[in-house]
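Any read-out appearing in this document is the output of simple, stated calculations on the displayed coordinates, not a laboratory observation. Worth saying up front: this structure is predicted, and the values here are computed from it rather than measured. Quick reminder, even Gly has a Cβ in these numbers, built from the backbone with ideal geometry, and neighbours come from all protein chains shown.
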């Protein structure tokens, strides 16, 4: 595999030290444990060496990547496709069509990414054959254990008869390695204390005045940030819902994200964050890692995290790569800064009044057709430019899923474009167009 060409396709100038270390360690070791913080490039760190191990003469799954969440599965599959290795990749996870996954397995991928429960389902239904798997990756292994997937992961390992290499990744040190992994004297690469970028994380304490409620304090802070990208972390999904309602009452555009939501609604929330239709996401710790989302300028701890690990992972959503970021701790009444929140924490003053936030530059156009309908980005751009009366600069990020597609369109152009294309066909088929909210 041409590493330089792959990096060029990914718009990455060079491998970082961690990725270089993985390129050396994986081919030479039967077991590798990678400890590296969120945002350090772990996904590429294991995908590149795994890709070099694939053999064209082997039919079937050769590398199995087990992840704790559907979002992480989707992200890894997307990165692998961008690498253009010539080897097929598929993902499987809860909330995705089982029939679609079964159809994908009729021509087995060389690389399979999936969540533990869905992989176990396909093994027991005899939809996948793991007899050719030589490499197993357990990404964010600590998170998988935390979520109670140990039994499923043990079963998966027991079903791989010719396993040669085991790769575990984690953003934090592992207390123990379960026996079912059969990792003997693994090669440990610890980059948890290595600064992986030139970015700077600033910590700020926001003391909410007595005359303001916590939701009002949040709104005043968002007002001060003037619509810059922010993730607001709550400890429970009920709090996420309440904050979402309160922001809506103040006409503050935002998305919400938590584990109780339907898969399509979670995907849509992330899509709209990625394409700029919303710059603010209210979420639980579910979004603290393993998601494909853009660089975030601000992290707001609406409710204080209960552990140092949660604090670290939340803050890891900003100040990534070469961009600086700020994390704010909202403090009300008797709230105190947690002992684990060490560092130079300065006070952040709230403005004396609320100023409405600017409207997002983009809105999202929903198209009820996707990859399974043979629709691609070129088809969508052609329709919007030729029939929708748009210019190239009026069209932003496009994401095409199996049965749907989402397009960012300039806010002041989307209504007219929707009226213009409503009666037109795409790929010879009449489909539904709508503005996603």
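Report the gain in length on full extension from residue 345 to residue 309: 0.36 nm times residue separation, minus Cα-Cα distance, nm rounded to one decimal.
Stretched out fully, the residue 345 to residue 309 stretch lengthens by 11.2 nm.
Given a Förster distance of 25 angstrom, what is the FRET efficiency for residue 429 paired with residue 392, based on the Cβ-Cβ distance and rounded to 0.05?
So the FRET efficiency works out to roughly 0.50.
I'd like the FRET efficiency for residue 224 and residue 185, computed as 1/(1 + (r/R0)^6) with the beta carbon distance as r and R0 of 45 Å, rounded to 0.05. Mind showing how you got there, number by number?
Numbers: r = 53 Å, r/R0 = 1.17.
The computed FRET efficiency comes out at 0.30.
Efficiency by 1/(1 + (r/R0)^6): what FRET value for residue 192 and residue 154, r their Cβ-Cβ distance, R0 = 30 Å, to the nearest 0.05?
Working: r = 26 Å, r/R0 = 0.87.
After rounding, the FRET efficiency stands at 0.70.
Once the piece of chain linking residue 336 and residue 84 is laid out straight, how much longer is it, given 0.36 nm per residue of separation minus the C-alpha distance between them? Before the final figure, lay out each step's value.
Working: separation 252, 0.36 × 252 = 90.72 nm, distance 4.96 nm.
Taking residue 336 through residue 84 to full extension adds about 85.8 nm, to one decimal.
Once fully extended, how much extra length lies between residue 3 and residue 28, figured as 0.36 nm per residue of separation less the alpha-carbon to alpha-carbon distance?
Additional length available on full extension: 7.2 nm.
Helix-only mean residue ellipticity at 222 nm, the chain, DSSP H runs n ≥ 4 weighted -39,500 (n - 2.57), per residue, nearest 500. What is it? Don't skip to the end; give the middle numbers.
On the way: 14 runs with 139 residues, N = 437.
For the chain, the value works out to -9500 deg cm²/dmol.
Roughly how far apart, in whole Å, are the Cα centres of segment 13-63 and segment 149-225?
19 Å
Report the residues of segment 404-437 in range of a label on residue 248: point 7 Å along Cα→C-beta, backbone N strictly under 13 Å from it.
437
Quickly work out the residue 201-to-residue 175 label distance, labels modelled 7 Å from Cα along the C-beta direction, and quote it in nm with one decimal.
2.2 nm
Within 10 Å of each residue's Cβ, count the other Cβ atoms and sort 250, 272 from fewest upward.
250, 272
Obtain the nm distance between the two label points defined at residue 57 and residue 359 by a simple spin-label model: each point lies 7 Å from its Cα along the Cα-to-C-beta direction.
That separation, rounded to one decimal, is 6.3 nm.
Would you mind telling me which residue in 100, 312, 43 has the biggest mean-square fluctuation in a Gaussian network model of the chain, where springs connect alpha carbons within a distance under 10 angstrom?
100
For each of 366, 328, 80, count neighbouring Cβ atoms within 10 Å of the residue's Cβ, then give the residues from fewest to most.
Ordered from fewest to most neighbouring Cβ atoms within 10 Å, 366, 328, 80 come out as 366, 328, 80.
Neighbour counts of other C-beta atoms within 10 Å: give me 379, 175, 342 arranged from fewest to most.
175, 342, 379
Can you grab the distance from the C-alpha centre of segment 368-386 to the C-alpha centre of segment 100-119, Å, no decimals?
Each part reduced to its Cα centre gives a spacing of 26 Å.
Please identify which residues in segment 387-402 have an amide N closer than 15 Å to a label point set 7 Å out from the Cα of residue 419, following the Cα→Cβ vector.
Within reach of a label on residue 419, which here means backbone N under 15 Å from a point 7 Å along Cα→Cβ, segment 387-402 contributes 388-390.
Consider the candidate values [x] 0.93; [y] 1.02; [z] 0.98; state which one is Cα Rg over 2.2 N^0.38 Å computed from the structure displayed.
Matching entry in [x] 0.93; [y] 1.02; [z] 0.98: [y].
7 Å from Cα along Cα→Cβ at both residue 126 and residue 147: what's the point-to-point distance in nm?
Calculated label separation equals 2.9 nm.
Measuring from a point 7 Å past the Cα of residue 410 along Cα-to-C-beta, which residues in segment 365-397 have an amide N at less than 17 Å?
Under 17 Å, as judged by backbone N against the label point of residue 410, lie 365, 381-382, 384-397 of segment 365-397.
Given an 8 Å cut-off on Cα distances and at least 6 residues of separation, report the relative contact order of segment 111-242 as a percent.
Relative contact order comes out at 20 percent.
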